[in-house]
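Worksheet: the structure to be examined is printed underneath.
The values are calculated or read from the model by the stated rules, or taken from the named source; none is laboratory data. Here the structure is a predicted model, which means the values were calculated and not measured. Every residue, glycine among them, receives a Cβ derived from its backbone with ideal geometry; neighbour counts consider all protein chains shown. Keep in mind that these areas ignore ligands, DNA and RNA; they rest on the heavy atoms of the full protein, side chains included. Shrake-Rupley method; radii C 1.70, N 1.55, O 1.52, S 1.80 Å.
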Amino acid sequence: MSMVDEPLYPIAVLIDELKNDDIQLRLNSIRRLSTIARALGEERTRKELIPFLSENNDDDDEVLLAMAEELGVFIPYVGGVDHAHVLLPPLETLCTVEETCVRDKAVESLCRIGSQMRETDLVDWFIPLVKRLAAGEWFTARVSACGLFHIAYPSAPDMLKTELRSMYSQLCQDDMPMVRRAAATNLGKFAATVEAANLKTDIMSMFEDLTQDDQDSVRLLAVEGCAALGKLLEPQDCVAHILPVIVNFSQDKSWRVRYMVANQLYELCEAVGPEPTRTDLVPAYVRLLRDNEAEVRIAAAGKVTKFCRILNPELAIQHILPCVKELSSDSSQHVRSALASVIMGMAPVLGKDATIEQLLPIFLSLLKDEFPDVRLNIISKLDQVNQVIGIDLLSQSLLPAIVELAEDRHWRVRLAIIEYIPLLASQLGVGFFDDKLGALCMQWLQDKVYSIRDAAANNLKRLAEEFGPEWAMQHIVPQVLDMVNNPHYLYRMIVLRAISLLAPVMGSEITCSKLLPVMVTASKDRVPNIKFNVAKVLQSMIPIVDQSVVESTIRPALVDLAEDPDVDVRFFANQALQSTDHVMMSS
């Protein structure tokens with residue numbers, strides 16, 4: 001093959017592969033477009049490859065999606081920004097296909113290319129493309145057009161700007177709900193590029209059309225527009241135009257729209273400011289907390305703490321707390337769960353007295369809820385209450401409930417309690433801890449669920465760090481070592497795990513005198529799993545103890561294990577012996 005024909009080869013292969021019946025081959029060739037473009041050079045890519053892709057009418061969405069993605073980063077291969085416009089035709093075609101994810105990717109790529117194009121090229125090439133799509137016969141083109149206006153608008157001359165605004169207005173009133181939905185979704189982005197004078201007139205009239213749409217799927221997207229537009233308008237305009245819409249939406253006949261308001265309420269409050277929030281949005285929020293649809297109550301309950309932070313404590317106690325009490329005994333467990341996940345955050349907002357008087361009874365009722373997720377959500381946030389009401393009150397009121405939950409039938413609840421114990425220990429202090437919770441920590445080591453036993457071993461290590469080696473020597477080590485003779489090998493295993501975690505905290509002396517002899521005895525266990533875990537623990541002890549102890553005690557035990565009939569025991573024993581050799585050589 002002559003040198004002249006050489007570059008023809010890649011495009012010929014591409015054409016063959018793109019017409020192949022095997023979808024994987026077609027996909028691979030699209031993924032290699034950048035390599036092919038480099039081989040062809042910039043000029044031939046513009047004149048041959050891009051026109052070929054424009055005409056490529058593959059019917060497989062996966063191939064089209066890959067093509068839309070590749071073209072978005074193709075500017076360097078067609079000769080840079082000066083020639084970016086040649087990439088628009090194939091992407092314009094992709095904007096009209098039926099599959100939504102292909103259209104979305106094509107719009108994303110067009111936005112990426114458009115944001116790099118020069119202003120004159122945008123006017124000559126990009127804006128005509130947007131106009132063609134917006135006037136498209138098939139709704140898919142019009143849906144795609146909605147996502148491109150915010151790129152086209154800033155560089156358009158005044159005459160064209162007016163035309164673009166009127167086109168967007170038409171899209172907001174399109175016959176097809178899908179187009180109106182796309183217009184509602186992109187209104188915030190488009191509004192951010194429009195001049196302040198036109199924002200109040202043109203954009204607000206489009207927004208009003210969308211808020212009164214007869215399709216709830218369009219109205220609920222307009223709720224998101226409320227927050228976006230609220231940030232662009234002056235505060236007084238926001239109160240005049242956006243606030244009435246939010247209040248109406250909070251009473252909308254469709255629960256989906258009310259759900260969106262409940263979900264977005266915090267952002268909407270930020271948009272309208274603190275004063276209108278207190279006067280107009282508190283009643284709206286109370287309505288949502290008492291909504292007859294559980295989904296709306298779930299969304300509203302999840303925002304209760306955030307909302308209370310905007311209000312002063314008096315307003316929160318007066319208006320929000322009665323609703324919170326109702327929600328704590330709601331018929332839907334998911335509502336109670338959403339409330340439990342945020343209610344602890346109300347304690348710092350309401351202050352000590354209101355928390356003790358009003359919130360504590362609610363916490364206690366949620367801690368005794370029949371649904372485990374509710375109990376779990378309360379436990380995981382208990383530290384937020386400690387800071388407000390102090391440890392004495394917490395221990396009197398909540399500790400009995402915590403002790404009860406330590407034996408909960410759902411292991412995830414027990415796990416959450418274990419993870420909370422070190423924090424509780426640091427706040428309760430050593431005396432109180434020994435009285436109330438010490439026995440529990442040992443009890444968990446013999447739990448039926450491995451995750452609980454493992455968490456219990458980690459818990460002992462964290463307690464030893466918190467209260468010091470002397471305390472651990474007195475309260476933890478003897479009870480752990482007693483368990484080493486348990487008839488069930490899984491419980492003996494957790495003792496090994498606890499020893500490996502405690503040894504670094506306890507230090508060399510206690511490790512040598514108390515922990516190491518137990519390990520040597522365990523190395524003669526009849527169960528191979530115990531023996532190879534002993535080898536692992538002995539290896540972890542090498543850096544902790546003196547070299548003489550390694551020589552006299554650890555090495556002989558490992559040598560015995562290295563001759564064990566079980567292959568795994570020999571493997572881990574030899575691994576540990578290599579570590580002892582490294583220590584010897586380094587010293």
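Please go through segment 190-241 and pick out each residue that is hydrophobic (A, V, I, L, M, F, W, C) and over 28 Å from SER115 (Cβ atoms).
LEU220, CYS238, VAL239, ALA240
Going by what's in this entry, would PRO528 be described as loosely packed, with under 13 Cβ neighbours inside 10 Å and not small (Gly, Ala, Ser)?
no
Restricted to segment 313-326, and to residues that are in contact (Cβ under 8 Å) with a residue 24 or more places away in the chain and not aliphatic (A, V, I, L, M), which residue is least open to solvent (accessible area, probe 1.4 Å)? Walk me through how you get there before you give the answer.
Pass one, segment 313-326, residues in contact (Cβ under 8 Å) with a residue 24 or more places away in the chain: 313, 315-317, 319-321, 323-326.
Then keep just the ones that are not aliphatic (A, V, I, L, M); that gives 313, 319, 323, 325-326.
Working: PRO313: 47, HIS319: 67, CYS323: 2, LYS325: 92, GLU326: 90 Å².
Taking the candidates together, the pick is CYS323.
Residue check: is ALA455 more than 22 Å from ALA557 (Cα to Cα) and open to solvent by 30 Å² or more (accessible area, probe 1.4 Å)?
no
In segment 214-234, is there at least one residue being out of contact with any helix residue (DSSP H, G or I) (no Cβ under 8 Å at 6 or more places or on another chain) and under 28 Å from VAL282 (Cβ atoms)? So that I can check it myself, show each step before the final result.
So in segment 214-234, the residues out of contact with any helix residue (DSSP H, G or I) (no Cβ under 8 Å at 6 or more places or on another chain) come out as 214, 234.
Subset that is under 28 Å from VAL282 (Cβ atoms): 234.
Yes, the conditions are met somewhere in segment 214-234.
Can you name every residue in segment 248-277 that is among the polar types (S, T, N, Q) and either part of a loop (DSSP other than H, G, I, E, B) or closer than 16 Å to GLN212 by Cβ (or both)? Reasoning before the result, please.
Step one: filter segment 248-277 for residues among the polar types (S, T, N, Q), giving 248, 250-251, 254, 263-264, 277.
ASN248, SER250, GLN251, SER254 - these are the residues of segment 248-277 that are among the polar types (S, T, N, Q) and either part of a loop (DSSP other than H, G, I, E, B) or closer than 16 Å to GLN212 by Cβ (or both).
Looking only at segment 99-134, how many residues end up being within 19 Å of LEU187 (Cβ to Cβ), open to solvent by 10 Å² or more (accessible area, probe 1.4 Å) and hydrophobic (A, V, I, L, M, F, W, C)?
The number of residues fulfilling the criteria is 3.
Which condition number does ASP581 fail, the rest of (1) exposed (fewer than 15 other Cβ atoms within 10 Å of the Cβ); (2) touching an Asp or Glu at 6+ places or on another chain (Cβ under 7 Å) being met?
Here ASP581 clears every test but (2).
Are there any pairs, at least 6 apart or on different chains, whose C-beta atoms fall under 8 Å, with the first in segment 446-473 and on the phi > 0 side of the Ramachandran plot and the second among the aromatic types (Phe, Trp, Tyr) and assigned to a helix (DSSP H, G or I), and if so, which?
none
Name, by its number, the condition in (1) under 42 Å from the mean Cα position of the chain (by Cα); (2) open to solvent by 30 Å² or more (accessible area, probe 1.4 Å) that does not hold for VAL567.
If we test VAL567 against (1) under 42 Å from the mean Cα position of the chain (by Cα); (2) open to solvent by 30 Å² or more (accessible area, probe 1.4 Å), just (1) comes out false.
Evaluate the following for ASP454: is it among the charged types (D, E, K, R), in a helix (DSSP H, G or I) and at pLDDT below 75?
So ASP454 fails the test.
Which members of segment 246-256 meet the condition of being in contact with a Lys or Arg (Cβ under 7 Å, 6 or more places away or on another chain) and surrounded by 24 or more Cβ atoms within 10 Å (Cβ to Cβ)?
Passing the criteria: only SER250.
Could you figure out which of (1) surrounded by fewer than 20 Cβ atoms within 10 Å (Cβ to Cβ); (2) in contact with a helix residue (DSSP H, G or I) (Cβ under 7 Å, 6 or more places away or on another chain); (3) not β-branched (Val, Ile, Thr) isn't true of ALA300?
If we test ALA300 against (1) surrounded by fewer than 20 Cβ atoms within 10 Å (Cβ to Cβ); (2) in contact with a helix residue (DSSP H, G or I) (Cβ under 7 Å, 6 or more places away or on another chain); (3) not β-branched (Val, Ile, Thr), just (1) comes out false.
Which residue pairs have Cβ atoms closer than 9 Å, lie 6 or more positions apart in sequence or on different chains, and pair a first residue in segment 416-427 that is part of a helix (DSSP H, G or I) with a second residue that is basic (Lys, Arg)?
Hits for this filter: ALA416/ARG375; ILE421/ARG462; PRO422/ARG462; ALA425/ARG462.
Within segment 467-497, can you find the residues that are closer than 22 Å to GLY507 by Cβ, out of contact with any Phe, Trp or Tyr (no Cβ under 9 Å at 6 or more places or on another chain) and open to solvent by 40 Å² or more (accessible area, probe 1.4 Å)?
Within segment 467-497, PRO469, GLU470, MET473, GLN474, PRO478, GLN479, ASP482, ARG497 qualify.
If you go through segment 405-423 one residue at a time, do you hit one that is small (Gly, Ala, Ser), closer than 30 Å to ILE310 by Cα and modelled with pLDDT under 80?
Taking segment 405-423 as the starting set, the residues that turn out to be small (Gly, Ala, Ser) are 406, 416.
Subsequent filtering for residues that are closer than 30 Å to ILE310 by Cα retains none.
Within segment 405-423, none of the residues are small (Gly, Ala, Ser), closer than 30 Å to ILE310 by Cα and modelled with pLDDT under 80.
Against the definition (within 24 Å of VAL583 (Cα to Cα) and either touching a Cys at 6+ places or on another chain (Cβ under 6 Å) or not hydroxyl-bearing (Ser, Thr, Tyr) (or both)), how does MET493 come out, yes or no?
Numbers: within 24 Å of VAL583 (Cα to Cα): no; either touching a Cys at 6+ places or on another chain (Cβ under 6 Å) or not hydroxyl-bearing (Ser, Thr, Tyr) (or both): yes.
Answer is no for this residue.
Count, please, the residues in segment 266-295 that happen to be under 19 Å from LEU221 (Cβ atoms) and either modelled with pLDDT under 80 or surrounded by fewer than 16 Cβ atoms within 10 Å (Cβ to Cβ) (or both).
Of the residues in that region, 4 qualify.
Mind counting the residues in segment 43-57 that are within 42 Å of the chain's Cα centre (by Cα) and open to solvent by 70 Å² or more (accessible area, probe 1.4 Å)?
Selection size over segment 43-57: 2.
For every residue, the table says whether it meets (1) under 24 Å from ALA262 (Cβ atoms); (2) open to solvent by less than 10 Å² (accessible area, probe 1.4 Å); (3) in contact (Cβ under 8 Å) with a residue 60 or more places away in the chain.
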{"residue": "VAL194", "(1), (2), (3)": "no, no, no"}
{"residue": "LYS200", "(1), (2), (3)": "no, no, no"}
{"residue": "MET206", "(1), (2), (3)": "no, yes, no"}
{"residue": "VAL223", "(1), (2), (3)": "yes, yes, no"}
{"residue": "GLY230", "(1), (2), (3)": "yes, yes, no"}
{"residue": "GLN236", "(1), (2), (3)": "no, no, no"}
{"residue": "VAL239", "(1), (2), (3)": "yes, no, no"}
{"residue": "PRO244", "(1), (2), (3)": "yes, no, no"}
